[in-house]
Ligand code: GTP
Ligand code: MG
């Protein structure tokens, strides 16, 4: 996708060139969606891959060649990589599950004198070496895959050297998005957890959802997991029409919520007592969506395990679909999420802030509102659905098309820079006090209730996904959108800076937007922000941003 986008970004302006480019983009876009697999298919492939994998704690000087030679005694290794998180770890994927069985067969139980072991064997192992590390190993080591994003200062310096805002946006996306290795690790952690849950429910599966799989995950984001017990839920069961049949005797509870709570309570207890590497387990069973939260130390992931959360899985599928339809969707979401985090619009602490999920829905809505629209509405996706796509969850219609090739796209050739600027302008003047954001209809609707920000939950349409947001957080968001629009309208801010004497060029384009903005100065500028685009009017007024620590660091090339 990013390669295609790169070609797309190198376009120049000219009417017939634009027409030819529009056609190329349309072709590119249809290639992207035709080649895409639905999330359901991707998940099944990744799950199977994870079941053939093991996670091994290694020594920092473990010799990669020797390590692989030793492990391949158990069978063909398909892929492996090393990473660092509280020590060095290796993910090793074998070609067949028999190899994993053979490896586990040969593993030993740790011999300890003052403690006792919980006798639960898993695919999380430690590499031990009876010979002390010989000198030939001293230089060995292994190449480690990064599992975190670059620090913001470093990213800002790199973006300052880019030659256009479009490049800055793709560069940011590439630096932040989950890597192939990180995705593999996420599925492997789910698979390890699955082994614990399967002790009680052999037919269950633990699947990742949310930003780990919806295409909008940033390195370091939490791992949302969903315990899928649908195979034994009694839903979609066909009753025999006549004759004798047997049914299971099962314990009953007062509600589905009570069942979810008791299952999560037991699994949470198992994770706490028996799960190697799982620490800080908290059972948050009275939340609207009950969950078990813990840290998985070997991967470094903060994990949230839920059950019976099929609607969230559907919204994950929907966001994934939107991200696959057009490469500009992901780029814009990453950029807006990064911008929002930098300015404290979003936070890792729960509170009255806009969440990443709400922000993503806002970007989707904005892209549906382009002329012509860049992505279709949820109602349009529902119309395109086939009989196999029908999905009703707890009375909510969650049907939408799964075959991407059936989705017609309009030929909108707006650049990322244009879209970014239009996004800020769109929300700087959005009638939040009266209207609700609705991606099902792709049109703002009258607000059904008094609340500062109303974003209709796409599948549970009576709910507002941004119910938590208060007036002051919404005002800050709007003020920051106004400030950012104004900054992007200043021509001098949008021209790449030249390198001077080997120093990093000064901040420009997207970099300016990622530096502290002076929201207080926005009100005075509100009326002027459209005229400010003229070339002679590029000097900032009294409300301008003062050079910050980040800026000084860049100016010094530090
Ligand atoms: P980050 O974890 O911040 O990277 O993003 P995320 O999309 O994973 O968000 P989060 O972990 O908060 O939630 C996980 C998933 O739960 C989301 O992707 C949604 O599918 C769903 N979700 C989160 N918040 C809401 C909400 O308010 N309403 C609904 N219906 N679903 C939500
Ligand atoms: Mg998440």
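The values are calculated or read from the model by the stated rules, or taken from the named source; none is laboratory data. Predicted model, so just to flag it, every value in this text is computed and none were measured. Reconstructed Cβ throughout: ideal geometry from the backbone, glycine too, with neighbour counts over all protein chains shown.
Could you run through the range 215-225 and say how many residues are under 17 Å from residue 319 (Cα atoms) and more than 9 Å from ligand 2 (Cβ to nearest atom)?
Residues in the range 215-225 being under 17 Å from residue 319 (Cα atoms) and more than 9 Å from ligand 2 (Cβ to nearest atom): 4 in total.
Which numbered condition trips up residue 281, out of (1) without any contact (Cβ under 8 Å) to a residue 24 or more places away in the chain; (2) under 30 Å from residue 58 (Cβ atoms); (3) within 15 Å of ligand 2 (Cβ to nearest atom)?
All conditions pass for residue 281, except number (3).
Any chance you could count how many residues in the range 150-166 are outside any helix (DSSP H, G or I) and either in contact with a helix residue (DSSP H, G or I) (Cβ under 9 Å, 6 or more places away or on another chain) or in contact (Cβ under 8 Å) with a residue 60 or more places away in the chain (or both)?
Total satisfying the criteria: 5.
Answer yes if at least one residue in the range 182-203 is within 14 Å of ligand 1 (Cβ to nearest atom), part of a loop (DSSP other than H, G, I, E, B) and modelled with pLDDT of 95 or more, and no otherwise.
No, every residue in the range 182-203 fails to be within 14 Å of ligand 1 (Cβ to nearest atom), part of a loop (DSSP other than H, G, I, E, B) and modelled with pLDDT of 95 or more.
Residue by residue, here is whether (1) more than 24 Å from the chain's Cα centre (by Cα); (2) in contact (Cβ under 8 Å) with a residue 12 or more places away in the chain holds:
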residue	(1), (2)
368	no, yes
385	yes, yes
412	yes, yes
424	no, yes
441	yes, yes
460	no, yes
463	no, no
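Residue under question is residue 337, and the condition is that it be under 30 Å from residue 199 (Cβ atoms), within 14 Å of ligand 2 (Cβ to nearest atom) and touching a strand residue (DSSP E or B) at 6+ places or on another chain (Cβ under 8 Å); does it hold?
no
Residue 411 - would you say it is farther than 10 Å from residue 442 by Cβ and in contact with a strand residue (DSSP E or B) (Cβ under 9 Å, 6 or more places away or on another chain)?
Answer is no for this residue.
Could you check the range 303-358 and list, in sequence order, the residues that are surrounded by 23 or more Cβ atoms within 10 Å (Cβ to Cβ) and free of Cβ contacts under 8 Å to residues at least 60 places away in the same chain?
Once the filter is applied, which keeps residues that are surrounded by 23 or more Cβ atoms within 10 Å (Cβ to Cβ) and free of Cβ contacts under 8 Å to residues at least 60 places away in the same chain, the range 303-358 yields 322, 329.
Filtering the range 217-234 down to residues that are surrounded by 10 or more Cβ atoms within 10 Å (Cβ to Cβ) and assigned to a loop (DSSP other than H, G, I, E, B), which residue is modelled with the lowest pLDDT? Write out each step before concluding.
The first filter runs over the range 217-234 and keeps only residues surrounded by 10 or more Cβ atoms within 10 Å (Cβ to Cβ), leaving 217-233.
Subsequent filtering for residues that are assigned to a loop (DSSP other than H, G, I, E, B) retains 217, 219-222, 229, 233.
Working: 217: 96, 219: 95, 220: 93, 221: 95, 222: 95, 229: 86, 233: 67.
So the residue we want is 233.
Which of the residues that make up the range 32-58 are in a loop (DSSP other than H, G, I, E, B) and either surrounded by 18 or more Cβ atoms within 10 Å (Cβ to Cβ) or under 19 Å from the mean Cα position of the chain (by Cα) (or both)? Please lay out each step first, then the result.
First, pick out the residues of the range 32-58 that are in a loop (DSSP other than H, G, I, E, B): 35-38, 52.
Answer for the range 32-58, where residues must be in a loop (DSSP other than H, G, I, E, B) and either surrounded by 18 or more Cβ atoms within 10 Å (Cβ to Cβ) or under 19 Å from the mean Cα position of the chain (by Cα) (or both): 36, 37, 38, 52.
Report, by residue number, each residue of the range 355-369 that is within 16 Å of ligand 2 (Cβ to nearest atom) and over 14 Å from residue 424 (Cβ atoms). Give the steps one after another, and end with the answer.
In the first step, residues of the range 355-369 are kept if they are within 16 Å of ligand 2 (Cβ to nearest atom); the result is 355-361.
Of everything in the range 355-369, those that are within 16 Å of ligand 2 (Cβ to nearest atom) and over 14 Å from residue 424 (Cβ atoms) turn out to be 355, 356, 357, 358, 360, 361.
In the range 172-180, is there at least one residue being at pLDDT 95 or above, in a strand (DSSP E or B) and either under 22 Å from the mean Cα position of the chain (by Cα) or surrounded by 13 or more Cβ atoms within 10 Å (Cβ to Cβ) (or both)?
Yes: one or more hits.
Looking at 218, 251, which is the one that is under 25 Å from the mean Cα position of the chain (by Cα) and more than 20 Å from residue 277 (Cβ to Cβ)? Spell out the reasoning first.
Details: 251 fails: under 25 Å from the mean Cα position of the chain (by Cα).
Within the list 218, 251, the selection yields 218.
If a residue has to be in contact with a helix residue (DSSP H, G or I) (Cβ under 7 Å, 6 or more places away or on another chain) and either within 16 Å of ligand 2 (Cβ to nearest atom) or not in a loop (DSSP other than H, G, I, E, B) (or both) to count, how many in the range 409-465 make the cut?
14
Considering only residues that are at pLDDT 95 or above and in a loop (DSSP other than H, G, I, E, B), which ones fall in the range 348-371?
352, 353, 354, 355, 369, 370, 371
Looking for whichever is at pLDDT 85 or above, over 26 Å from residue 69 (Cβ atoms) and exposed (fewer than 13 other Cβ atoms within 10 Å of the Cβ) here; the options are 110, 119. Which one fits?
It is 119.
Given (1) within 15 Å of ligand 2 (Cβ to nearest atom); (2) assigned to a loop (DSSP other than H, G, I, E, B); (3) under 30 Å from residue 415 (Cα atoms), identify the lone condition not met by residue 345.
Answer for residue 345: the failing condition is (1).
In the range 349-367, what residues are touching a strand residue (DSSP E or B) at 6+ places or on another chain (Cβ under 6 Å) and within 12 Å of ligand 1 (Cβ to nearest atom)?
Within the range 349-367, 358, 361 qualify.
Report yes if residue 210 is within 16 Å of ligand 1 (Cβ to nearest atom), within 24 Å of residue 281 (Cβ to Cβ), within 28 Å of the chain's Cα centre (by Cα) and at pLDDT below 95, otherwise no. Spell out how you get there, then give the answer.
Values: within 16 Å of ligand 1 (Cβ to nearest atom): yes; within 24 Å of residue 281 (Cβ to Cβ): yes; within 28 Å of the chain's Cα centre (by Cα): yes; at pLDDT below 95: no.
No, not satisfied.
Scan (1) in contact with a helix residue (DSSP H, G or I) (Cβ under 7 Å, 6 or more places away or on another chain); (2) touching a residue at least 60 places away in the same chain (Cβ under 8 Å); (3) within 16 Å of ligand 2 (Cβ to nearest atom) for the single condition residue 292 breaks and write down its number.
Just one mismatch for residue 292, condition (2).
Go through (1) within 30 Å of residue 270 (Cα to Cα); (2) away from ligand 1 (no atom under 16 Å from the Cβ); (3) touching a helix residue (DSSP H, G or I) at 6+ places or on another chain (Cβ under 7 Å); (4) not in a loop (DSSP other than H, G, I, E, B) and name the single condition residue 169 misses.
Going through the list (1) within 30 Å of residue 270 (Cα to Cα); (2) away from ligand 1 (no atom under 16 Å from the Cβ); (3) touching a helix residue (DSSP H, G or I) at 6+ places or on another chain (Cβ under 7 Å); (4) not in a loop (DSSP other than H, G, I, E, B), residue 169 breaks only (1).
Does residue 298 fit the bill of being more than 15 Å from ligand 2 (Cβ to nearest atom), over 20 Å from the mean Cα position of the chain (by Cα), in contact (Cβ under 8 Å) with a residue 24 or more places away in the chain and closer than 30 Å to residue 151 by Cβ?
The answer is yes for residue 298.
I'd like the full set of residues that are at pLDDT 95 or above and outside any helix (DSSP H, G or I), limited to the range 308-330.
Listed by number, the list holds a single entry, 326.
Residues are listed down the side, and each one gets a yes or a no for (1) more than 30 Å from residue 124 (Cβ to Cβ); (2) within 15 Å of ligand 1 (Cβ to nearest atom); (3) in contact with a strand residue (DSSP E or B) (Cβ under 8 Å, 6 or more places away or on another chain):
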{"site": "240", "(1), (2), (3)": "yes, no, no"}
{"site": "248", "(1), (2), (3)": "yes, no, no"}
{"site": "268", "(1), (2), (3)": "no, no, yes"}
{"site": "280", "(1), (2), (3)": "no, no, yes"}
{"site": "297", "(1), (2), (3)": "no, no, yes"}
{"site": "312", "(1), (2), (3)": "no, yes, yes"}
